[in-house]
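Everything below concerns the one structure shown next.
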Amino acid sequence: MPSETANRTGPQSTTDHYLNRELSWLDFNARVLELAEDDTLPLLERVKYLAIFASNLDEFYMVRIAGLKRRQSTGLTVRSPDGLTIREQLERVTDRTQELVQRHSDVFNDDVLPRLQDAGIRILRWEELEDEATIRLREYFRDQVFPVLTPLAVDPAHPFPYISGLSLNLAVSVRDPETGAPRFARLKVPNNVPRFVRVGPVDTATFLPLEDLIAAHLPQLFPGLEVIDHHIFRVTRNADLEVEEDRDEDLLQALERELARRRFGPAVRLEVAEPMDPRILEVLVSELEVSPDDVVHVPGLLDLASLWALYDLDRPELKDEPFVPATHPRLSEGETPKSVFATLREGDVLLHHPYHSFATSVQRFIEQAAADPSVLAIKQTLYRTSGDSPIVNALIEAAQAGKQVVVLVEIKARFDEEANISWARSLERAGCHVVYGLVGLKTHCKTALVVRREQGVIRRYCHIGTGNYNPKTARIYEDVGILTADPRVGADLTDLFNTLTGYSRQTNYRQLMVAPHGIRNGLIEKIRREARHASEGRPSGIRIKVNSLVDEKIIDALYEASQAGVPVELFVRGICALRPGVEGLSETIRVRSIVGRFLEHSRVISFLNGGDAEWWIGSADLMHRNLDRRVEVLLRVCDEAARTQLHETLAPAMEPGVRCWELRSDGRWERLEGRDYQAELLHRIHDLAS
């Protein structure tokens, strides 16, 4: 039985010891929403958080709620670790979601919209337009919108049409003036036309929602009929892929088949703009085969994820002050780049993105390797990358130059499957050896290995990080990584790539812990070691920074450590199923979350270890999927300067007086005001680099 749905018993495994995963995720998105509600932030930053909240919630329904509904449909009666049935989880999620959606709409409609208007950025409705604007927009509709619209009738000769996931739609009621018979039609709002149509010249910032423009011209789409009314709705579908992997089947073909099926996944949410005619809503609920509990009523505009279009306006005074990532001081001499290889022969380099530039560190490492005639081979894992990827381009150039290039492309990376299939084929055409990992596992680790001949001797250079090889997200995702020439790490990565590309069953490594075999047990052993140190009066302490903490075995070990007196500090951005500060269970555990300008994404773990501290970085969150169903890597950081830098980076996040959220024993997240941790890091790292 899967551990995430199993009942747990025993003195350290009772259901009241765990917080619900889905509700904890909604609490995280509520923290994002609090930033949108914060009127001390620049206005367009608040717009950005509104958009992030909306897109986060979309993915939550497409994956997590879809998963719960799928398990519910099988008739399983198992409970979540916190003791809830699937039905109970869905009920609580529905109530909490409607509450958050109402808050989301309220802050947009009642606070942000008026402030945008005061700043000269306006979103108008059709009836608010002046005559001159309506004339211009009628021409725009005729030339740019009308040709791509397709009204679809619903009657005995025309079955209810397929509604694509996340598309905006108009449910239109019309009447035949001769017979008086009512008619129903569906009209899709095209997604290849800007959602917010400029009302005036390009240098103005007045917009009309595209659905309003279409609604104003419905009589042109139904000539000879009387348009009674229209309603906006949006459907979210199950988008979680279930690829049955078979050693005898081409994984690429199997995944492409599943991608085609994903478009037709069952509906898991119906969003409707208030107010909606109950008769129309009844038709939609029936035809889409959703429950009334799956209906989310939204005041105002649907799909606020499209607010990114407003954030992209050139209004720097309404945004955070721009910054330029600093080049790590060891990778340049003044304005002159240094050889990454020469630098690493002198010692490791710890990188902290986005404070340190990705382009002048990791990207330069791969680009220098591709261009260096002494480099014999480059091996790299790719989980997600950007649309125009300089990393992929460098790998292609390396292969074309005759180097051996091995790339593990994870084509099952959720929502990046199609892009990764395209990259895989481009790399293959260039002569790279492309592999797709191990059957039944996703390869989530972020690793690169460069093999170089130096004066007749082979030397290996490595990068291991917590974030993707994506220069775009590296400007907004907080991540750390190590560049190193440590021969032990080079030997470990060689063994790891042999496992990923061949039939090796390597499970023991020198400087790495590797999932699915080594990370959970390795961490639990180290957590228990801290408990022994505490019991014997030696220095002890655990500090963990992750995106999510869900795994019950890890949580139970942390509870045991707390009961032994070990101070435990957890820096968890998103989901946390551990309940801190409970008398007799977790009194020494503190949990903080920081949500801000940069997405806290790094995974860093330290153990005081009796005074001989250990530091680990890697790709794994402490979740069932990461520890059981993925290839993940944690690297032990041995370089003293890098260890000091990690301490100086992580310790301030847990200090008093830092702006953050703290998790209470009853499961509430309490917001604490104070210093901006990310801003202080930004200034400190730039000062060191200058």
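The values are calculated or read from the model by the stated rules, or taken from the named source; none is laboratory data. Model, not experiment: these values are computed from the prediction. Virtual Cβ from ideal backbone geometry, glycine too; neighbours counted across all protein chains shown. Surface accessibility is based on the protein's heavy atoms, side chains included, excluding ligands, DNA and RNA. Shrake-Rupley method; radii C 1.70, N 1.55, O 1.52, S 1.80 Å.
Measuring r between the beta carbons of Thr74 and Asp16 and using R0 = 25 Å, the FRET efficiency lands at 0.40. Taking 0.36 nm per residue of separation and subtracting the Cα-Cα distance, full extension of the segment from Thr40 to Ser386 would add 121.3 nm.
For the chain, with all protein chains in place and a probe radius of 1.4 Å, 48% of the accessible heavy-atom surface sits on carbon or sulfur. For segment 490-554, the list of chymotrypsin sites (Phe, Trp or Tyr not before Pro) that fall in a loop by DSSP and count at most 11 other C-beta atoms within 10 angstrom reads Tyr503. Quick one: grab the alpha carbon gyration tensor of segment 504-610, order the square roots of its eigenvalues as a ≥ b ≥ c, and give me rounded if a/c is under 1.5, else prolate or oblate depending on whether a/b is larger than b/c. Judged from the Cα gyration tensor, segment 504-610 comes out oblate (a/c at least 1.5, b/c at or above a/b). Going by the alpha-carbon gyration tensor, a ≥ b ≥ c the square roots of its eigenvalues, is segment 28-178 rounded (a/c under 1.5) or, if a/c is not under 1.5, prolate (a/b greater than b/c) versus oblate? Oblate is the answer for segment 28-178, as a/c is 1.5 or above yet b/c matches or exceeds a/b.
Of the trypsin sites (Lys or Arg not before Pro) found in segment 461-554, those in coil by DSSP whose Cβ has at most 11 other Cβ atoms within 10 Å are Arg505. The solvent-accessible area of Glu130, taken with every protein chain present and a 1.4 Å probe, is close to 140 Å². Residues Glu673, Glu367, Glu569, sorted by accessible area with the largest first, give Glu673, Glu367, Glu569 [1.4 Å probe; ligands and nucleic acids excluded].
Over 24 Å apart at the Cα level, from the set Lys379/Lys553; Lys188/Lys319; Lys442/Lys553; Lys446/Lys472; Lys338/Lys403; Lys472/Lys553, are Lys379/Lys553; Lys188/Lys319; Lys472/Lys553. The packing ranking of peptides 191-197, 679-685, 446-452, 420-426, highest mean first, is 446-452, 420-426, 679-685, 191-197, where packing means the average number of other beta carbon atoms within 10 angstrom of each residue.
Rolling a 1.4 Å probe over the protein heavy atoms leaves Asp416 with an accessible area of roughly 40 Å². Net length available on complete extension from Asn498 to Ala359 is 47.2 nm, with 0.36 nm assigned per residue and the Cα-Cα distance removed.
Accessible surface calculations at 1.4 Å, restricted to protein heavy atoms, place the chain at 42 Å² per residue. Classify the chain: rounded, prolate or oblate, from the alpha-carbon gyration tensor (a ≥ b ≥ c, eigenvalue square roots; a/c under 1.5 rounded; otherwise prolate if a/b is larger than b/c)? Note, shape of the chain comes out prolate.
Here the spin labels are modelled as points 7 Å beyond Cα on the Cα-Cβ line, and at Asp203 and Arg453 they lie 6.2 nm apart.
Placing R0 at 30 angstrom, the Cβ-Cβ distance between Leu438 and Ser374 gives a FRET efficiency of 0.40 after rounding to 0.05.
I want to make sure I understand the PRE zone here: with the label point 7 angstrom from the Cα of Glu317 toward its beta carbon, which residues in segment 91-123 have backbone N atoms less than 11 Å away? The answer is 119-120. 3J(HN,Hα) couplings calculated from phi for segment 643-652 with the Karplus curve 6.51 cos²θ - 1.76 cosθ + 1.60 (θ = phi - 60°) are, in sequence order, 5, 4, 5, 4, 4, 5, 7, 8, 4, x Hz; Gly and Pro show x. Distance between the 7 Å Cα→Cβ label points at Arg103 and Val324: 4.0 nm. Pairs with C-alpha atoms separated by more than 31 Å, drawn from the list Lys412/Lys545; Lys69/Lys412; Lys48/Lys526, are Lys48/Lys526. What FRET efficiency comes out for Asp143 versus Ala679 if R0 is 51 angstrom and r is the Cβ-Cβ distance? Round to the nearest 0.05. About 0.60, to the nearest 0.05. Spin-label model, Arg175 to Arg92: label points 7 Å out along the Cα-to-beta-carbon direction sit 4.8 nm apart. Dividing the helix sum by the residues of the chain, where each DSSP H run of 4 or more adds -39500 (n - 2.57), gives a mean residue ellipticity at 222 nm of -10000 deg cm²/dmol.
Label reach from Arg629 (point 7 Å along Cα→C-beta): in segment 402-419, amide nitrogens under 15 Å belong to 412-415. Each residue of segment 43-48 was assigned a 3J(HN,Hα) from its phi angle through the Karplus expression (A = 6.51, B = -1.76, C = 1.60, θ = phi - 60°), giving 4, 6, 5, 5, 4, 4 Hz with x at Gly and Pro. Note down the Stokes-Einstein diffusion coefficient of segment 14-56 in µm²/s, whole number, using a Kirkwood radius over alpha carbon pairs, 10 °C, and 1.306 mPa s. In µm²/s, the coefficient is 139. Extension gain, Phe415 to Arg345: 0.36 nm times the residue separation minus the Cα-Cα distance gives 21.3 nm.
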